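First the structure, in the form of structure tokens, and then the observations on it.
Readers should treat all values here as calculations from the given coordinates under stated rules, not as data from a laboratory. The structure displayed is predicted, hence computed values, not measured ones. Reconstructed Cβ throughout: ideal geometry from the backbone, glycine too, with neighbour counts over all protein chains shown.
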Amino acid sequence: MKKQEKKYRGISRIDSHDTHGWFVRAYKSGKTTSKLFSDSIFGGKEQALKKAIMFREDLVQRLQNESRLGNLNASESGKKRLSKTQDPIALAKKAMKEAIAPYSKFKVGAALVCRSGEVYTGHNIESPSYSLTICAERVALFKALSEGSREFKEIVITSNSEDFCFPCGACRQSLMDFAPNIKVTLLNKHGEQKSFKIEKLLPNAFSKSNLKRKSASK
């Protein structure tokens, strides 16, 4: 769309009362034919002017259609972050490479697989105010939740460590809150794998059921 905007810049904004002048400028920009140009300039014919107006309206309509299509495509790409056919392990490794970990140098990537097949990725983001650092698992989870996803099958977590990178307590609680039946797959730098159900990683978890029991006892 940027090329189109540059190609027609200025032309689509010309006032309709200046159609003749607009048509001349369109011709100079190479946007119309020499026959229409000669008829409108030298013949002064009403029909030529109508053709000029039709040319302008058609051009403006095409620009508007292209703009709507561009906005629609941008919206769809924002909603569907990743293709349904992509491998979550490969995506987790790719996300890990983008990790922002200037202090710990410990890079983590995560790929969250939805029931729909969509995959949302995340990586850890460190802050010099250490308590503001956020883990890869929660980045992927919050990204998915913000896009409207609510059902999740699996989360793949990988790191640049020799050991497996288990989710921290905050991530375990977040996953339990929004994906209580999720499968957690861990990979180390050698590609070795381990899998667990989130309930195994966070037994006796505090959940909304605790709040219901408290409310019922009052």
How large is the dipole of region 88-204 about the Cα centre if only Lys and Arg carry +1 and Asp and Glu carry -1, each at its Cβ, rounded to the nearest 20 debye? 140 debye
As I understand it, the dipole of region 88-204 uses +1 on the Cβ of Lys and Arg and -1 on the Cβ of Asp and Glu, about the Cα centre. Which of 146, 135, 116 lies farthest toward its positive end? 116
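Taking neighbour counts of Cβ atoms within 10 Å as a proxy for exposure, in what order, fewest first, do 212, 107 appear?
212, 107
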Counted neighbours (other Cβ, 10 Å), sorted fewest up, put 54, 96 in the order 54, 96
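Taking region 110-218, which GluC sites (Glu not before Pro) meet the DSSP loop condition and have no more than 11 other C-beta atoms within 10 Å?
Passing both the DSSP loop test and the Cβ count: 162, 192.
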From Cα pairs below 8 angstrom and at least 6 apart in sequence, can you work out the relative contact order of region 88-204, rounded to a whole percent? 22 percent
Any idea how far apart residue 192 and residue 131 come out in nm if each label point goes 7 Å out from Cα toward Cβ? 3.7 nm
Percent of Cα pairs exceeding the 25 Å cut-off, where the set is region 88-204: 14 percent
Take residue 154 and residue 178, extend 7 Å from each Cα along the Cα→Cβ direction, and tell me the distance between the two endpoints in nm. 2.0 nm
On a C-alpha basis, how far is the centre of region 84-115 from the centre of region 166-196 in Å? Whole number, if you could? 13 Å
Residue 154's amide H: which non-local residues (gap 5+, or another chain) put their own amide H closer than 5 Å, with H modeled 1.01 Å from N in plane and none for Pro or chain starts? 113, 183
Using 0.36 nm times the number of residues separating residue 200 and residue 90, minus their current alpha carbon distance, what extension gain do you get? 37.1 nm
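Which order do 59, 91 fall in if you start with the one that has the fewest other Cβ atoms within 10 Å?
Listed from fewest to most nearby Cβ atoms, that is 59, 91.
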Under the rule of at least 5 residues apart or a separate chain, name every residue whose amide H is placed under 5 Å from the amide H of residue 107. 160
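State which entries of 107/143; 105/189; 97/208; 153/208; 153/212 exceed 24 angstrom in Cα-Cα distance in the structure shown.
Going by Cα-Cα distance, 97/208; 153/212 fall outside the 24 Å limit.
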